[in-house]
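Peer 1: For reference, the structure I am asking about is given below.
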Amino acid sequence: MFEKVQDYPVDPIMIGADYFAQDPRADKLNLTVGIYQDAQGRTPVLKAVKLAEQRLVEQQTTKSYLALTGDADYCAVLGQAIMGNSYGTDWVAAQTSGGAVALRVMADLVAQMPQQPTVWLQSPTYGNYVPILTAAGARFQALPYYDPIQSKITFDQMLDGLQAANAGDVFLMQGVCHNPTGADMSPEQFAALLDVLEARGIVPWIDLAYLGFAQSFEADCAMARQIAARFDECIVCITLSKSFGIYRDRAGALFVKTRAPDQQRIRRAVTAIVRSGASHAPDHGPSVVRTILTDPELKTLWLRELEQMRLRVAQMRQTVVRVEQETYGTGQLAYLGGQVGMFSLLPLTEAQETALTRDHGIHVVQGGRINVARLGDGDVPWLIRAVRDVTCA
């Protein structure tokens, strides 16, 4: 039987980590997997998380199942924190095992509709969207979002591409700290995009994975709040792995805003899809989040720690720009200073990307994505020198 199984595509992020592990060189640099690291190369457990966990250990009275859509209090607290006053009874919410499951539940729902809409994607975009949509059997198309060689957003091309979309189609977009490019739309561009979506009857679907890493947690919720306030139908997927540093604890959520006549039907659909797939979501991470968000002292501590992580990533970007300018004066990597979040794309061809790893021991995700948060001060000259070497060869 198993000899009939065909080869599955390899995840470019995971295979990048594998290649790094297999590299026998001691002098190598891993800029692949998307986790935050401090200046010492550690992914710390936040103090606010530790305190919340201690409280849970002392006060939690059961490990029984929750509802298939999870803890209603967690969903309500998180929905209010992210969507603000626009969050209310017109939303269907589900606690999910991280953002990937929230995405998959929605992909399944879209794929199972009698008249299947097209999901429009930014390109390049998060590497797991296509596998998730493909596995669900959803229909999708890509639109040009960013030119990695020119290091700039191709916004007009993206809007032009949306002219082919039909009413009832869906536009799946990254929120703040666009992965993999680090290039976010300006407020003016985002407003123009929403104008097009509204005019053409396209449903916005926003995926938020890095809240607090662009400006602040509150400011980074603005995109979701604008969508929630403006559209009768919209989709918001959340993962809190980065914002709370709880990667392995899988805290996420799916929020679907519906018109009143559709709400109970969508609630039953989401519940059925959850049951047939991930079933009950793990609750430890979401309980930590709920505990922090509902305790003023813990929330203040968490926001302070989140800001420290944001500042480290922002400072590392500025360090790359400064060192490159001081060393070579070309401004080749100056664009990194105007981008946000943990990820950016190096302006490399496929051959140059191969040379970066082969000749300099610097491992990046296919397509040239680097995790800026995994750089230390001592790594910056190495990276700059290597990029210059492979692009000037």
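The values are calculated or read from the model by the stated rules, or taken from the named source; none is laboratory data. Given the structure is predicted, the values throughout are model-derived calculations rather than measurements. Here Cβ is always computed from backbone atoms with ideal geometry, including for glycine, and neighbour counts include all displayed protein chains.
Peer 1: Scan segment 281-295 and give yes if some residue there is in the same structural domain as residue 215 (by TED's automatic domain parsing), without any contact (Cβ under 8 Å) to a residue 24 or more places away in the chain and not charged (D, E, K, R), otherwise no.
Peer 2: So far as segment 281-295 goes, no, none of its residues is in the same structural domain as residue 215 (by TED's automatic domain parsing), without any contact (Cβ under 8 Å) to a residue 24 or more places away in the chain and not charged (D, E, K, R).
Peer 1: Next question. Of all residues in segment 240-261, which are in contact (Cβ under 8 Å) with a residue 12 or more places away in the chain, out of contact with any Ser or Thr (no Cβ under 8 Å at 6 or more places or on another chain) and closer than 24 Å to residue 111 by Cα?
Peer 2: 255, 256, 257, 258, 259, 260 - these are the residues of segment 240-261 that are in contact (Cβ under 8 Å) with a residue 12 or more places away in the chain, out of contact with any Ser or Thr (no Cβ under 8 Å at 6 or more places or on another chain) and closer than 24 Å to residue 111 by Cα.
Peer 1: I've got another one for you. Sort out which residues of segment 33-70 are aliphatic (A, V, I, L, M) and closer than 30 Å to residue 372 by Cα, and write them in order of number.
Peer 2: 33, 35, 39, 45, 46, 48, 49, 51, 52
Peer 1: Take the conditions of a type in the set (A, V, I, L, M), more than 23 Å from the chain's Cα centre (by Cα), within 29 Å of residue 213 (Cα to Cα) and surrounded by 11 or more Cβ atoms within 10 Å (Cβ to Cβ) and apply them to residue 51. Does it pass?
Peer 2: Considered against the rule, which asks whether it is of a type in the set (A, V, I, L, M), more than 23 Å from the chain's Cα centre (by Cα), within 29 Å of residue 213 (Cα to Cα) and surrounded by 11 or more Cβ atoms within 10 Å (Cβ to Cβ), residue 51 comes out as yes.
Peer 1: For the list (1) touching a strand residue (DSSP E or B) at 6+ places or on another chain (Cβ under 9 Å); (2) assigned by TED's automatic domain parsing to the domain that holds residue 246, I need the number of the one condition that residue 73 fails.
Peer 2: Result: residue 73 passes all but (1).
Peer 1: From (1) under 25 Å from residue 277 (Cβ atoms); (2) assigned by TED's automatic domain parsing to the domain that holds residue 373; (3) among the charged types (D, E, K, R), pick out the condition that doesn't hold for residue 27.
Peer 2: Condition not satisfied by residue 27: (1).
Peer 1: Let me spell it out: the conditions are (1) in a loop (DSSP other than H, G, I, E, B); (2) of a type in the set (Val, Ile, Thr); (3) within 21 Å of residue 242 (Cα to Cα), and residue 370 meets all of them except one. Which number is the exception?
Peer 2: (1)
Peer 1: Of all residues in segment 80-134, which are of a type in the set (Gly, Ala, Ser) and either surrounded by 23 or more Cβ atoms within 10 Å (Cβ to Cβ) or part of a strand (DSSP E or B) (or both)?
Peer 2: Across segment 80-134, the qualifying residues are 93, 94, 97, 98, 99, 102, 107, 123.
Peer 1: Oh, and also: Considering only residues of segment 140-165 that are of a type in the set (A, V, I, L, M) and not in a loop (DSSP other than H, G, I, E, B), which is surrounded by the most Cβ atoms within 10 Å (Cβ to Cβ)?
Peer 2: Restricting to residues being of a type in the set (A, V, I, L, M) and not in a loop (DSSP other than H, G, I, E, B), the top hit is 158.
Peer 1: Going by what's in this entry, would residue 214 be described as surrounded by fewer than 24 Cβ atoms within 10 Å (Cβ to Cβ) and either in a loop (DSSP other than H, G, I, E, B) or touching a helix residue (DSSP H, G or I) at 6+ places or on another chain (Cβ under 8 Å) (or both)?
Peer 2: Taking the combined requirement at face value, the residue satisfies it.
Peer 1: Hey, does segment 370-388 have a residue that's surrounded by fewer than 22 Cβ atoms within 10 Å (Cβ to Cβ), outside the structural domain of residue 153 (by TED's automatic domain parsing), of a type in the set (Asp, Glu) and touching a residue at least 24 places away in the same chain (Cβ under 8 Å)?
Peer 2: yes
Peer 1: In segment 41-66, which residues are in a loop (DSSP other than H, G, I, E, B) and either charged (D, E, K, R) or touching a residue at least 40 places away in the same chain (Cβ under 8 Å) (or both)?
Peer 2: The answer is 41, 42, 43, 44, 45, 46, 60, 63, 65, 66.
Peer 1: Name the residue, out of 137, 168, that is more than 19 Å from the chain's Cα centre (by Cα), at positive phi, surrounded by 15 or more Cβ atoms within 10 Å (Cβ to Cβ) and not polar (S, T, N, Q).
Peer 2: After applying the criteria, what remains is 168.
Peer 1: Continuing with this model, one more query. Collect the residues in segment 216-231 that are touching a strand residue (DSSP E or B) at 6+ places or on another chain (Cβ under 9 Å) and under 12 Å from residue 175 (Cα atoms), keeping them in residue-number order.
Peer 2: Result: 220, 221, 223, 224, 227.
Peer 1: Filter segment 239-254 for residues that are in a loop (DSSP other than H, G, I, E, B) and at pLDDT 95 or above; which is surrounded by the most Cβ atoms within 10 Å (Cβ to Cβ)?
Peer 2: Only one residue tops the list, namely 240.
This table checks each residue for (1) within 16 Å of residue 221 (Cα to Cα); (2) modelled with pLDDT of 95 or more; (3) not aliphatic (A, V, I, L, M).
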| site | (1), (2), (3) |
| --- | --- |
| 75 | yes, yes, yes |
| 80 | yes, yes, yes |
| 85 | yes, no, yes |
| 104 | no, yes, yes |
| 108 | no, yes, yes |
| 111 | no, yes, no |
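Peer 1: I want to confirm something. Restricting to segment 322-345 and keeping residues that are buried (at least 19 other Cβ atoms within 10 Å of the Cβ), of a type in the set (A, V, I, L, M, F, W, C) and in contact with a helix residue (DSSP H, G or I) (Cβ under 6 Å, 6 or more places away or on another chain), which single residue is nearest to residue 220 (Cα to Cα)?
Peer 2: 342
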